[in-house]
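Take a look at the structure set out below.
The values are calculated or read from the model by the stated rules, or taken from the named source; none is laboratory data. Since the structure is predicted, the reported quantities are computational estimates derived from the model, not experimental observations. Cβ atoms come from the backbone with ideal geometry, glycine included; neighbour counts cover every protein chain shown. Side chains are part of the model used for accessible areas, which takes the heavy atoms of the whole protein and leaves out ligands, DNA and RNA. Shrake-Rupley method; radii C 1.70, N 1.55, O 1.52, S 1.80 Å.
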Amino acid sequence: MRTAVFDAANLAAIADALAGVKPVAGRLSTSTIRGIVVIDDSYNSNPRSIRAALSAAREVAEGLGARLVIAMGDMLELGAMSASAHQDAIREIMREQPAGFVAVGPEMRNALEAVAGSNRPPNVLVAPDSAAAANLVAASVRAGDVLLIKGSRGIAMERIIAALA
């Protein structure tokens with residue numbers, strides 16, 4: 001077995017190559033819009049990817065000393081486990097204690113009602129779809145915030161990003 005040797009030239013070439021890698025849209029891609037760090041994870045959503053996205057968003061917000069705002073859309077195609085998976089997602093989001101949270105879609109709304117009931121914090125909003133959520137998010141974020149946008153492809157969470165831009 002041969003061991004790779006990395007000298008300064010090899011490391012510089014690797015760094016240059018990695019610097020040219022562009023993020024895939026909707027897959028934890030990061031951009032800045034109006035001073036807001038937007039983490040776009042709108043391509044797909046499932047329980048495991050929600051945990052990963054929340055962890056990444058929290059890490060970015062803490063690293064920047066920023067508020068975290070979350071817009072989370074329904075996870076689609078979960079079948080019989082949909083209600084419990086959405087309730088678990090709501091609990092995980094609430095543990096992050098975001099400065100603002102917009103629950104998007106009927107599954108997220110139902111899960112929020114089941115988990116929080118009438119004790120829903122005032123910074124937690126509900127939108128029937130991503131078009132309505134765009135207005136709520138725009139009113140909730142400010143320059144310097146980190147905004148995580150996540151949801152299954154069918155709920156079209158990218159509308160929120162388009163509205164911010």
Mind listing just one residue for me: the one in region 124-146 that is touching a strand residue (DSSP E or B) at 6+ places or on another chain (Cβ under 7 Å) and in a helix (DSSP H, G or I) and, of those, farthest from Tyr43 (Cα to Cα)? Ser140
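Name the residues in region 67-98 that are over 24 Å from Arg120 (Cβ atoms) and of a type in the set (A, V, I, L, M, F, W, C), would you?
Answer for region 67-98, where residues must be over 24 Å from Arg120 (Cβ atoms) and of a type in the set (A, V, I, L, M, F, W, C): just Ala80.
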When you scan region 100-119, do you find a residue that is closer than 20 Å to Glu158 by Cα, out of contact with any Leu (no Cβ under 8 Å at 6 or more places or on another chain) and surrounded by fewer than 16 Cβ atoms within 10 Å (Cβ to Cβ), even just one? yes
Determine if region 114-132 includes at least one residue that is of a type outside the set (Asp, Glu), under 17 Å from Ile39 (Cβ atoms) and out of contact with any Phe, Trp or Tyr (no Cβ under 7 Å at 6 or more places or on another chain). yes
Can you say whether Gly35 is surrounded by fewer than 14 Cβ atoms within 10 Å (Cβ to Cβ) and under 22 Å from Arg159 (Cα atoms), as far as the supplied structure shows? yes
Only one residue in Arg51, Arg58 is open to solvent by 40 Å² or more (accessible area, probe 1.4 Å), of a type in the set (D, E, K, R) and more than 21 Å from Asn123 (Cβ to Cβ), so which one is that? Arg51
Please enumerate the residues belonging to region 133-155 that are under 21 Å from Ser82 (Cβ atoms) and either open to solvent by 20 Å² or more (accessible area, probe 1.4 Å) or more than 13 Å from the chain's Cα centre (by Cα) (or both). Ala133, Arg153, Gly154, Ile155
If a residue must be under 10 Å from Ala71 (Cβ atoms) and among the charged types (D, E, K, R), how many such residues does region 105-151 contain? 1
Somewhere in region 70-77, is a residue of a type in the set (D, E, K, R) and modelled with pLDDT of 95 or more? yes
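Specify which of the listed residues (Glu96, Glu107) is touching a helix residue (DSSP H, G or I) at 6+ places or on another chain (Cβ under 7 Å), at pLDDT below 95 and within 21 Å of Asp40 (Cβ to Cβ). Let's see the steps before the verdict.
Values: Glu107 fails: at pLDDT below 95.
When all the criteria are applied, what remains is Glu96.
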